[in-house]
């Protein structure tokens, strides 16, 4: 979906607002570890679908929403970064 790619691009372009540590539990092929992650966020307008069928609500408004993107930095070489 193009709109989803646009949202990811928007979030990745925002500056890092905070860093957090996340406890990653042990999994089948991965040891438990603490991941250092960046937090980015942005507000955006979600337009109503073009194929909206009028029902109980006529012409629903566009929504002002926030999206949050958390991605791992400095991931160990033998692990896949969490995102």
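Mean separation of Cα pairs under 8 Å and 6+ residues apart, divided by the residue count of the chain: what relative contact order is that in percent? Before the final figure, lay out each step's value.
Working: 115 pairs, mean separation 22.4, N = 83.
In percent, rounded to a whole number, it is 27.
Relative to the longest principal Cα axis of the chain, at what angle does helix 2-13 sit, 0 to 90 degrees, rounded to 10?
Value to nearest ten degrees: 50.
Mind sorting out which of (1) 3, 12, 18, 15, 13, 13, 9, 7, 6, 4, 1; (2) 3, 10, 7, 7, 7, 7, 8, 8, 9, 12, 12, 8, 2; (3) 3, 14, 20, 18, 16, 12, 9, 6, 1 is the real P(r) over Cα pairs in 5 Å bins from 0, in percent computed from the coordinates?
(1)
Can you compute the helix-only [θ] at 222 nm over the chain? Use -39500 (n - 2.57) per DSSP H run of at least 4 residues, normalise by all residues, nearest 500 deg cm²/dmol. Mind showing how you got there, number by number?
Values: 1 runs with 12 residues, N = 83.
Result for the chain, helices only: -4500 deg cm²/dmol.
Only the coordinates and a few stated rules stand behind these numbers; no lab work does. No experiment lies behind these values; they were computed from the predicted model shown.
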